[in-house]
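Input: a single structure, listed below in structure tokens.
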2 protein chains.
Amino acid sequence: MKSGKFQLVLRVVFFFVFSISLLTCCLTQSARADEGMWTFNNFPSKNVKAKYGFDPSQAWLDHVRNSSLRIAQGCSASFISPNGLVMTNHHCVVDCEEQLSTAQENLVEAGFSAESADQERKCPDLELDQLIEIGDVTKEVEAALSGKTGDAANKALHAEEARLQQTCGTDPGVRCDVVSLYHGGVYNLYHYKRYTDVRLVFAPEFAVAQFGGDPDNFNFPRFDFDIGLLRAYEDGKPVASHDYLRWSPDGSKANELVFVPGNPGGTSRQLTISQLEFLRDKSFPFLMPALAEYRGELEEFMKRGPEQEREAHEDDFFVANSFKANFGRQAALLDPEFFATKVQQEQKLRSAVADNPKLAKDASAWNEISEIQKVRAKLYTRYGDLNGLLRAGLVGDAVSLVRAATERTKPNSERLPDYTDQALVRLRGRLAAPIPIHKDLQELTLAYALTTTRRDLGADDPFVRKMLGDESPEQLADRLMNGTHLDDPKVREALYDGGQAAIDASNDALIRFVVSLDPDLRAVRKEYEDQVVAPTRSDAERIANARFAVYGTSVDPDATFTLRLSYGSVKGFEDAQGHLVEPYTTIGGLFHRGTGAPPYDLPKSWLEAKPSLNMETPMNLSTTNDIIGGNSGSPLINSKAEVVGLIFDGNIFSLGGDFGYDAAQNRAVAVDSRALLEGLQKVYHLDRIVEEINSAR
Amino acid sequence: MKSGKFQLVLRVVFFFVFSISLLTCCLTQSARADEGMWTFNNFPSKNVKAKYGFDPSQAWLDHVRNSSLRIAQGCSASFISPNGLVMTNHHCVVDCEEQLSTAQENLVEAGFSAESADQERKCPDLELDQLIEIGDVTKEVEAALSGKTGDAANKALHAEEARLQQTCGTDPGVRCDVVSLYHGGVYNLYHYKRYTDVRLVFAPEFAVAQFGGDPDNFNFPRFDFDIGLLRAYEDGKPVASHDYLRWSPDGSKANELVFVPGNPGGTSRQLTISQLEFLRDKSFPFLMPALAEYRGELEEFMKRGPEQEREAHEDDFFVANSFKANFGRQAALLDPEFFATKVQQEQKLRSAVADNPKLAKDASAWNEISEIQKVRAKLYTRYGDLNGLLRAGLVGDAVSLVRAATERTKPNSERLPDYTDQALVRLRGRLAAPIPIHKDLQELTLAYALTTTRRDLGADDPFVRKMLGDESPEQLADRLMNGTHLDDPKVREALYDGGQAAIDASNDALIRFVVSLDPDLRAVRKEYEDQVVAPTRSDAERIANARFAVYGTSVDPDATFTLRLSYGSVKGFEDAQGHLVEPYTTIGGLFHRGTGAPPYDLPKSWLEAKPSLNMETPMNLSTTNDIIGGNSGSPLINSKAEVVGLIFDGNIFSLGGDFGYDAAQNRAVAVDSRALLEGLQKVYHLDRIVEEINSAR
């Protein structure tokens, strides 16, 4: 897990700061902060009612749930018309824009507007998931796992998950995932409607969508027009989206109650102290320089010319974002006061467990997890490096092809989890997608992965010697990239469909490279899963059950990139210098901040439209909603479930949210719904879409 | 201090790791480990006698001291003939090679041999210092500082240092430095003979000098031919070096007593726990990604073409080295057992101080230093970023020119310490040196420094706004590099000699940039020095005196890039997997390890000479000597003061040596003197030099 580019939840804008005094709140229901990424089947309506005077009904919750979407690649979204119009962030559609761009037509830079329905362009590789139903399968999974450890436990879990997935059938329009909440305390089966024909409707120019770029990222006041519009199709027609979010006529105001439905990618609030120490002392000191070095390579690569800049633009953006987010996460763990609060919290729970005779059997779980961290420390570097290598661009495709061929010969329940019948639906779609591959950039990434693997494991490591032979990382990356045709989607498709025979017969350099290394890669993965993942899951389940016994389900589960609902209010905060920051910025502020030099250069469209724009229109706003990476693209809605904004970031204090919510300063950041309409109308003249939104109110 | 490239002691190969159980040794004289970087006026001859049966006489010590040299840019060296022949590492002359290279003649890649005396080529910017005398000036400095704090203390110290320097006169051939030992417990005046006409005699090809490159750096077994030969000249003639080290006829053998005279750059063994925590939790998390990102940019820059590779080769090498060294230092501080040992050690000293009524007045020093760390945390980022900016290539020259003009108008004792009459001798020489400047690489470095400054301080920071105006970092770097002529040494020399009038009249873009920012840069420096440096020095002096009272001077002072002597023996060690590593490698091992791909590609000269070489000749060896970055180029000598090797690295366990010496695994790594002769004779046929060495025995 060396480099952010290869991790789903690192591809989304928010992450995890310097929260000082928090989480003590969770022990009582009184004076509760707006903390929590709640599942729809355990939403604390009572708390909302008590604090804000509004009690969301089941119908309200169902409507919001059905209107909410997940972008499988790592974002959130929502239906905003009955005709399948989908709102998300620009940075959630930039992948699609990049894939639709050519050397002649740079959609990321120029933006994109479909002036008519037939100009809406299919995104080569974008999946929307709509959550339909949540079933509790805790008993089934626990029964399957009962008494098993290590390899046996992993196999049993994978088999049971495959079986449960299969109960939803194999319709490509359906997706079922077994979701482990509370690190194994609860297992749910999430049943989704899956949309794979998703078309790009609108994206503004990168310069205004990401105005302020890296320096302004995770900061507020902010001035971004970070919107992307998509449309879901089925059978070549826009889907009829029965549930969708209407647009608020008035927007929001300070202190108003607001909700965020979305898919936070992951939090670590329920990890034990020894796990947090592992992150702080082992994981981040490896991750941060790895991200930084890769970023440096990308940035310099982009200076070679406009084509290289276009090719690497998106990767650079996500790596820079991931770096900043993780820097904040790391800083939270390095803050001695914050860490002391986490320690106190754990001690409190452990005392409660020790004092309760019924729970005493679980008291050893913390120490066991602490012991597992020692094993993890030994296995982590190799496991992380090999994962990074496996995901380095086309190598990842080669691994998928080689493994899919082998795994498909096994019964569904005995396969690696990424290769169940359900998972193969998406895998084949991804492999066949006509995504442009930039071999020079791929070579950079592969050489980097090979170099860091040798650096971390040592030149004399048997795996490294096997991997490199007598070649240098650069020579090998060059030879593999020159000797592969996996950049051609037809080749990938044919290899997939040809199965094991096609793989055996292939002379493709990357396929042969992966075939020779896959036994080693699988062994390293199995070792880590047997010795770290399985025992950690077992102990985490015991801790989760102890926590339920002490606190009930008044604590939300750590985020899992599944649909959650957070409540809060429109609010400013005190910045690091102690100044009060107001919750709204204005369109006027955007123009004031534009220096003309990147990343503060407004596009021509905005400069030309300036005279027609109302400078007082609220541009961005900050709210107390508890969100994290993966929430990008979530709608911000009021108590009538009307759109008042579009979440796209958090402030600098939100970054520690991975480990705990700081009510005083943690803020979500959204584009104001009024700025969205003003821009779509007066800057982009997207009348048919504005009409679609307005008529759907 | 963001980037290693700008720090003297980061430009040398060794640095500071996973020492587990150490330093407890220092509390008794019995069973003493080979720890210590001893000054020549406090060498523990008794300990050496007790452990190894050899008692170095004063004459022996004087002879070794007079034979030892410092390369002012950050290395160690020694005279090895009566005619001024100087031995050091290849990586200590690579700067000179790079400066003498052109697009047509790449000395770094091809190596260099002066076949006759008149082919020896002057290094444009290399200073050798020979330590002549050490005087104790503790009383003078303490009297000057007495009762003063903050700004007043800094001014008094600078004035007294300038006065003491001046007692040596202003002969350019003389250098006097006030050296603060034990972080201020002792002040010495070091009197050097200074050589500035230093010529390159021999350097092997980079490929064999740094065989194994980054992956093998800080590892052992090792196979490097890391030697560079220079000659000191005066008045156009080789200097007569009365004291020089003779070559051992037999080399060394396992367990033999060996010494290393050299100039270790810096250690942090006497820092308090709060200072170590600052390094661990604040400093490294900033430094490591900064080094990594810059490294990524350099590596990708080098891929643009052979000329860019040549230009950035040396910087890349030093940044990669600095990264690996600092990664090891950080790992030592992140090791909980190691850190616990440091905590215990401090607690022991503090208890002893608290229990002694005479010392009780100093008991508060630790808490005061802890409080200072809070101030430091607030000021550190800005101070570090601005220092990085100040040193970003030609900006550094512009700062030197602007400040030298101002400072020279003041009395010597009132100047910034870098601009005393003594310091100006070297400064003018450096500015006038005909060093090739690669503007594209300079622009990369400057843009990087501007970008990280904005990133760390924020786009809205008043200094950042003043620095950038409406330009992006890239635009500004481009404009400054296109608008400066400081790459011409004649221009730099004229601006220096022209003084304030020349600076005022200059339209050079970089000069104007620095003139506009210098008041801010000075203010930030002064704030940090007044609020952090001065009070820390005062408290560190109290701790040093308390330590003297408890332990006497049986503890060596932290390294200060001044001449030290370490003793030890030729010894292998147990590696991380528990295997015993033998202390010698062989020339045969070198050929066995050569894959043909960089960094394991032997040059043609070695491949051709292979049949004539004795494969059993010892190539590299490991010893227990306590060394650190700055010791690069130190001779390894036996008890007859004969050369048996040439220090060039430490093993991976030596990296924690910054914070403590681990007798079990910390090893210095040297080229064996027998391999040196074998290579010079049979590979390079450097008969006149071999003859010079042999006849001087």
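The values are calculated or read from the model by the stated rules, or taken from the named source; none is laboratory data. Because the structure is a prediction, the values reported are computed rather than measured. Note: ideal-geometry Cβ built from the backbone for every residue, glycine included; neighbour counts use all protein chains shown. The area values use the complete protein model at the heavy-atom level, side chains included, leaving out ligands, DNA and RNA. Shrake-Rupley method; radii C 1.70, N 1.55, O 1.52, S 1.80 Å.
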## Note on the structure
Given the candidates B:Leu646, A:Ile435, A:Val581, the one whose Cα lies deepest towards the positive end of the charge dipole of the protein assembly as shown, counting +1 at each Lys or Arg C-beta and -1 at each Asp or Glu C-beta, is A:Val581
### Task
Mind putting a number on the dipole of region A:273-551 about its Cα centre? Charges go on the C-beta only, +1 for Lys and Arg and -1 for Asp and Glu, and I need it in Debye to the nearest 20.
1040 debye
### Other copies of A:Pro336: label-to-label distances in nm, shortest first, labels 7 Å along the beta-carbon direction
1.8
### Summary
With every protein chain kept in place and a 1.4 Å probe, the residues A:Trp38, B:Trp60 fall, from largest accessible area down, as B:Trp60, A:Trp38
### Accessible-area composition of the protein assembly as shown, carbon plus sulfur, in percent [1.4 Å probe]
52 percent
#### Entry: Backbone HN-Hα couplings from phi across region B:439-447 [Karplus 6.51/-1.76/1.60, Hz, Gly and Pro as x]
5, 5, 5, 4, 5, 4, 5, 5, 4
### Reciprocal mean inverse distance between Cα atoms of region A:643-697 - Kirkwood radius, Å
13.1 Å
## Note on the structure
Square roots of five times the C-alpha gyration tensor eigenvalues of region B:273-551, ordered largest first and given in whole Å, equal 39, 25, 18
### Task
For region B:358-493, just the Cα atoms, rotate onto the principal axes and tell me the three extents in Å, largest first.
61, 39, 24
### Query
Which whole number in µm²/s is D for region B:544-697 by Stokes-Einstein, with the Kirkwood Rh taken over Cα pairs at 25 °C and 0.890 mPa s?
139 µm²/s
### Message
Placing unit charges on C-beta atoms (Lys and Arg positive, Asp and Glu negative, everything else neutral), compute the dipole magnitude of chain B about its Cα centre in debye, rounded to 20.
### Response
1660 debye
### Task
Ignore the peptide's own chain and count Cβ atoms of other chains within 10 Å of each Cβ in B:592-599; give me the average, rounded.
4
### Message
If you consider only alpha-carbon coordinates, what radius of gyration and Dmax does region A:335-414 have, in Å?
### Response
20.9, 55
### Summary
Long-range amide H partners of B:Glu133, meaning residues 5 or more apart or on another chain whose placed amide H is closer than 5 Å, are B:His191
### Alpha-carbon Debye profile of chain A, log10 I(q)/I(0) at 0.08, 0.10, 0.12 Å⁻¹
-0.60, -0.98, -1.49
## Note on the structure
Note to self: C-alpha centroids of region A:109-175 and region A:559-622 sit apart, in Å, by 35 Å
### Charge dipole of the protein assembly as shown about the Cα centre (unit charges at C-beta), most positive-ward option of A:Gly393, A:Ala423, B:Ala405
A:Ala423
### Message
Suppose every Lys and Arg Cβ carries +1 and every Asp and Glu Cβ carries -1, with no other charges. What dipole size does the protein assembly as shown come out with about its Cα centre, to the nearest 20 debye?
### Response
3060 debye
### Task
Give the interface area between chains A and B as buried accessible surface, both sides summed, probe 1.4 Å, in Å² to the nearest 100.
3300 Å²
### Task
Counting other Cβ atoms within 10 Å, keep those with at most 15, restrict to DSSP loop, and tell me which trypsin sites (Lys or Arg not before Pro) in region A:378-420 are left.
A:Arg408
### Query
Which trypsin sites (Lys or Arg not before Pro) does region B:474-553 hold that lie in a coil by DSSP with at most 11 other beta carbons within 10 Å?
none
#### Entry: Kirkwood Rh, Cα atoms: Rg over Rh of region B:532-582
1.21
### Message
For B:Ala377, place a label point 7 Å from Cα along the Cα-to-Cβ direction in every copy; what are the distances to the other copies, in nm, shortest first?
### Response
2.4
### Task
Return the long-range amide H neighbours of A:Lys122 (sequence gap of 5 or more, or a different chain), with a cut-off of under 5 Å between placed amide H atoms.
A:Leu200
### Summary
Accessible-area loss of at least 50 Å² in the complex relative to the chain alone (1.4 Å probe) applies, within region A:440-472, to A:Arg454, A:Arg455, A:Asp470
### Message
Placing the label point 7 Å from Cα along the Cα-to-Cβ direction, what are the distances from B:Ala152 to the equivalent spots in the other copies, shortest first, in nm to one decimal?
### Response
7.8
### Task
Count, for each residue of A:319-332, the Cβ atoms from other chains sitting within 10 Å of its Cβ, then give me the mean as a whole number.
1
### Task
Enter the accessible area per residue of region A:196-263 (Å², integer; probe 1.4 Å; all protein chains in place).
30 Å²
### Summary
Long-range amide H partners of A:Phe211, meaning residues 5 or more apart or on another chain whose placed amide H is closer than 5 Å, are A:Phe225
### Query
Short version: ³J(HN,Hα) in whole Hz for each residue of region A:491-505, in order, from phi by Karplus 6.51 cos²θ - 1.76 cosθ + 1.60 (θ = phi - 60°), x for Gly and Pro, what are they?
5, 4, 4, 5, 5, 5, 5, x, x, 4, 4, 5, 5, 4, 7
### Query
Between chain A and chain B, with a rotation axis joining them, whose C-beta in A is nearest that axis, and what is the whole-Å distance?
A:Gly296, 1
### Query
Hey, how much of the P(r) for region A:32-115 falls beyond 23 Å, as a percent of Cα pairs?
45 percent
### Query
Per-residue ellipticity at 222 nm for chain A, helices alone: DSSP H runs ≥ 4 residues times -39500 (n - 2.57), over residue total, nearest 500 deg cm²/dmol?
-14000 deg cm²/dmol
### Message
In whole Å, what are the extents of region A:180-224 along the principal axes defined by its C-alpha atoms, from largest to smallest?
### Response
42, 30, 14
### Query
For region A:273-551, what is the accessible area per residue in Å², given a 1.4 Å probe and the full set of protein chains?
38 Å²
### Query
Once the principal axes of the Cα atoms of region B:251-294 are found, what is the range along each, listed largest first in whole angstroms?
44, 30, 19
### Task
Note every residue of region B:276-312 with a reduction of at least 50 square angstrom in accessible area, all protein chains present versus the isolated chain, computed with a 1.4 Å probe, or write none.
B:Pro285, B:Pro289, B:Glu293, B:Glu297, B:Glu300, B:Lys303, B:Arg304
### Message
How large is the Rg to Rh ratio of the protein assembly as shown when both quantities use alpha carbon positions and Rh follows Kirkwood?
### Response
0.98
### Query
Given 4 °C and 1.567 mPa s, how large is the Stokes-Einstein diffusion coefficient of region B:413-473 in µm²/s, with Rh as the Kirkwood radius over Cα pairs?
90 µm²/s
